[in-house]
Amino acid sequence: MINKAFLCVFFVLIFGSLSAQNQIIPCATNDYIKLLDHQNSGTLKNIEDAFFDAKRYSSLKSKKEKDTIYTIQVVFHVVYNNTVQNLDDKYILSQLEELNACFRRKNADTIDTREIFLPVAADAGIEFELAKLDPFGNPTSGIVRKSSSLPTFGQFPINLSNADRVKEELYGSRVWDPDKYLNIWICDLSANGFDALLGYAYPPTNAENWNSNSFSTSNKQGVVVHYKVVGQDNPQSLSTGSKTLIHEVGHYLGLRHIWGDGSRNQGCNVDDFMDDTPNSRAATNGCNIGQNSCINNPGDLPDMIENYMDYSDGVCQNMFTEQQVEQMRSNLTLFRSGIATVRYPDPPVEPAKYTLIYPNPVVEDLTLTLSELDEEANYQIEITNLLGQIVFKSNLEPLSIQIISGLGALNGMYICKVLKQGKEILSEKIVLKL
């Protein structure tokens, strides 16, 4: 394994001068950590210690722990100065949908993950839902809207003290209990009319053997994002788009940038301490599939521009790796356990006897025979490709024998599943030759 030099200052590479009026900064988590360390000496070391505590713990967890599903309670604080910044609920809901799809590896663009990286691409087993109760126990939509006297929270040169005012009652929206909720602030981070900073996050703290009372930063825990990169269909969206929040929540759950936040002149030995993310010399811009910035390293793979923790365009990003998933789940167990509920996947339902799918290969229509039919139950048929992506789904009639049509666009090998009341009762490989 390549020796990985430790870099104390991490999480972001700022391109060029921060005073450049038209320079977009994808992520300022590193600058935010430095600010927090200035305000509370030792924060940086504590975040580093928490990172390695989680890394050690990830290798010790039992299979039962690895099979759990974590559901995180989310509150969106929409802080606005005008109607354009006051995003409609549909953008918030579509962003939440994308968070869930990307963290469960159910996003449609997983099909674009290159074959070389498929063995390490992983479902994080982490889901997100809007909070149903506020900190006082009152019903809530999980979306808080607050008008601000500030036209923007951005500034050149970058000033995260100003940006952090979005978390204050006077200018923005006060944090909800950070031990129970993931707080996400949406606001204008532009400066002088130019899109500037896109987001930043507060990584896990409270490392082992650290006096947590030394910190007075609980009111800062969470993620801040520019309003133009929220929502899958936001017409104002920039190149990183709605994948920006996936990136920042990755930081919030303890991930580093995949290039280790080194600079090009530091070579390829600065890393993120994840063995399954290839070394890269620096952040990626654009969507250069053929890029390999560490080609001189023996055995090095191409740069993983598919990874959410790079700076590549959002249309290129579609995966976390197995070790990144382990790191985030460890942080949820050690340092952010209060924000999530835990459940275990439902045990598989025993297949009904003599439930059949035929013929196989399917040449024309597919015929389905359901035995022990429960006429009061809801049945569905679901066909997925070998990557687990749903390509066909339909409700079934309460009939013992039925013909499934409308499969003409499919050709090749698939997995056909029959579900009863949402639970799988049959799963079988089929070949479609239509």
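The values are calculated or read from the model by the stated rules, or taken from the named source; none is laboratory data. Everything numeric in this text was worked out from a predicted model, so none of it was measured. Positions of Cβ are generated from backbone atoms using ideal geometry, with glycine treated the same way; all protein chains shown enter the neighbour counts. When the accessible area is computed, the model is the full protein with side chains, heavy atoms only, and any ligands, DNA or RNA have been set aside. Shrake-Rupley method; radii C 1.70, N 1.55, O 1.52, S 1.80 Å.
So, in segment 174-207, exactly how many residues are in a loop (DSSP other than H, G, I, E, B) and either open to solvent by 20 Å² or more (accessible area, probe 1.4 Å) or touching a helix residue (DSSP H, G or I) at 6+ places or on another chain (Cβ under 7 Å) (or both)?
So the answer is 20.
Would you point out which residue out of PRO302, PRO278 is at pLDDT 85 or above, surrounded by fewer than 23 Cβ atoms within 10 Å (Cβ to Cβ) and not acidic (Asp, Glu)?
PRO302
Examine segment 110-119 for a residue that is within 30 Å of TYR80 (Cα to Cα), assigned to a loop (DSSP other than H, G, I, E, B) and open to solvent by 30 Å² or more (accessible area, probe 1.4 Å), and state whether such a residue exists.
No, that holds for no residue.
Scan (1) modelled with pLDDT of 85 or more; (2) open to solvent by 50 Å² or more (accessible area, probe 1.4 Å) for the single condition VAL74 breaks and write down its number.
Here VAL74 meets the rest and fails (2).
Residue by residue through segment 85-100, note down the ones that are out of contact with any helix residue (DSSP H, G or I) (no Cβ under 8 Å at 6 or more places or on another chain) and either over 23 Å from THR152 (Cα atoms) or open to solvent by 20 Å² or more (accessible area, probe 1.4 Å) (or both).
Hits for segment 85-100 are ASN86, ASP88, ASP89, LYS90, TYR91, LEU93, SER94, LEU96, GLU97, ASN100.
Just name the residue that is nearest to the chain's Cα centre (by Cα) out of those in segment 130-173 that are loosely packed, with under 14 Cβ neighbours inside 10 Å and over 30 Å from ASN192 (Cα atoms).
The residue in question is LYS132.
I'd like to know if segment 249-259 contains one or more residues that are aromatic (Phe, Trp, Tyr), at pLDDT below 90 and open to solvent by 10 Å² or more (accessible area, probe 1.4 Å).
No - not one qualifying residue is present in segment 249-259.
For segment 86-100, name all the residues that are over 17 Å from THR68 (Cα atoms) and in a helix (DSSP H, G or I).
Of everything in segment 86-100, those that are over 17 Å from THR68 (Cα atoms) and in a helix (DSSP H, G or I) turn out to be ASP89, LYS90, TYR91, ILE92, LEU93, SER94, GLN95, LEU96, GLU97, GLU98, LEU99.
Among the residues of segment 405-426, which ones are farther than 22 Å from GLU376 by Cα and assigned to a strand (DSSP E or B)?
Correct list: ASN411, GLY412, MET413, TYR414, ILE415, CYS416.
I'd like the full set of residues that are modelled with pLDDT of 90 or more and open to solvent by less than 50 Å² (accessible area, probe 1.4 Å), limited to segment 336-361.
Result: ARG336, GLY338, ILE339, ALA340.
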